[in-house]
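The values are calculated or read from the model by the stated rules, or taken from the named source; none is laboratory data. Nothing here was measured: the structure is a model prediction, and the numbers come from that model. Cβ placement follows ideal geometry from the backbone for every residue including glycine, while neighbour counts extend to all protein chains displayed. Protein only, heavy atoms only, side chains kept; ligands, DNA and RNA dropped before computing areas. Shrake-Rupley method; radii C 1.70, N 1.55, O 1.52, S 1.80 Å.
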Amino acid sequence: MKTYFISDLHLTPSRQDITDCFLNFMETEASHADALYVLGDLFEFWIGDDDSSEFANTIRQAFIKLTDSGVPCYFTQGNRDFLVGKRFAKQTGVTLLDEVAVIDIYGQSAVVLHGDTLCTDDIKYLAFREKVHQPWLQWVFNCIPFFIKKKIVSKVQSDIKDDKQTKSLDIMDVTQKEVENVISANKVDLMIHGHTHRPNIHSFDMNEVAKKRIVLGDWYTQGSVLEFTEQGFELQNRAFGNVFPKDS
Ligand code: LP5
Ligand code: MN
């Protein structure tokens, strides 16, 4: 049996190719899995659980079908969908994970997280993150009508879009120090995260104990999936436009 991990799909109505690949993955592969973990940035941006668009409902339906069929599905918020909340979880049957969570995969403990908090050199982003994660601000924001929230988000996005261009690739990557802090604090040998869009398997030692950090890839040009079995794991790709038979 298999457990899948995905992140950074950035689903949006304007990228039907990504949505199709995701829906096909849910129908044909995730539906036969032991569990599915979505480690953040499923959506290009999630304005709130009150999104009643056809697009949002299509994605909800895919999760409902999966969880109704008995496949446990876990969701970590990303920096683009930090407003996915309890209502979405209740509607879809997914379980919201803490920002940093320790899970058991076929007897092995792993710490899973989106990955943005590991980028401790990205001071400006972390300051921004702290602001938008304030519970009172999120509570107020959630009370605003959807169409107004949409305008606020567009305005903030356009105000800050140039800021990212000024940052070096190094600043926007994880720091090894924070990776090791999180691994130590959670007493694990394996970390799985997304966010940086730099799919890779990093091996290193901490006090002579072997550790691994698996980085999930994004879904801009192909689907990116981490497949875990009792025998091991593999980072795999799914081509856009490939539609497999439903019971394959
Ligand atoms: O995802 P990616 O890789 O493109 O970029 C991220 C970081 N960017 C973000 C920004 C979000 O995608 C867009 C957020 C819009 C939020 C609207 C909120 C509305 C209010 C909600 C209230 C509850 O996450 C990027 C990182 C990059 O990852 C690293 O890979 O560098 O960070 C930025 O670019 C952020 C800037 O550096 C921050 C600029 C500060 C601007 C301060 C504005 C304060 C607005 C406060 C709003 C309440
Ligand atoms: Mn991200």
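List of remarks:
- Test for V102: is it open to solvent by 10 Å² or more (accessible area, probe 1.4 Å), more than 16 Å from ligand 2 (Cβ to nearest atom), part of a strand (DSSP E or B) and not polar (S, T, N, Q): yes
- Pair list, Cβ under 6 Å, 6 or more apart: the range 117-138 residue of a type in the set (A, V, I, L, M), other residue open to solvent by 40 Å² or more (accessible area, probe 1.4 Å) and outside any loop (DSSP other than H, G, I, E, B): L118/E178
- F204 vs. criteria assigned to a strand (DSSP E or B) and among the aromatic types (F, W, Y): yes
- Condition met for S52 (touching a residue at least 40 places away in the same chain (Cβ under 8 Å) and hydroxyl-bearing (S, T, Y)): yes
- Tally, over the range 28-40, of residues that are among the charged types (D, E, K, R) and either buried (at least 18 other Cβ atoms within 10 Å of the Cβ) or at pLDDT below 95 (or both): 1
- N79 vs. criteria within 16 Å of ligand 2 (Cβ to nearest atom), in contact (Cβ under 8 Å) with a residue 60 or more places away in the chain and closer than 19 Å to W219 by Cβ: yes
- Members of the range 63-99 that are hydrophobic (A, V, I, L, M, F, W, C), within 16 Å of L9 (Cβ to Cβ) and part of a helix (DSSP H, G or I): F63, L66, F88
- Screening E227 with (1) modelled with pLDDT of 95 or more; (2) touching a helix residue (DSSP H, G or I) at 6+ places or on another chain (Cβ under 9 Å) gives one miss only, at (2).
- Residue among R87, R80 that alone is touching a strand residue (DSSP E or B) at 6+ places or on another chain (Cβ under 9 Å) and basic (K, R): R80
- Pairs are defined by a Cβ separation below 8 Å, a sequence spacing of at least 6 or placement on different chains, a first member in the range 156-175 that is of a type in the set (S, T, N, Q), and a second member that is open to solvent by less than 100 Å² (accessible area, probe 1.4 Å) and assigned to a helix (DSSP H, G or I); the pairs so defined are T175/L118.
- Residues that are part of a loop (DSSP other than H, G, I, E, B) and either crowded, with 22+ Cβ neighbours inside 10 Å or away from ligand 2 (no atom under 16 Å from the Cβ) (or both) were ranked within the range 1-14; the one that is farthest from the chain's Cα centre (by Cα) is M1.
Conditions (1) in contact with a Pro (Cβ under 7 Å, 6 or more places away or on another chain); (2) within 12 Å of ligand 1 (Cβ to nearest atom); (3) within 15 Å of F43 (Cβ to Cβ), marked per residue:
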residue	(1), (2), (3)
F82	no, yes, yes
A89	no, no, yes
D98	no, no, no
I105	no, no, no
V112	no, no, no
T120	no, yes, no
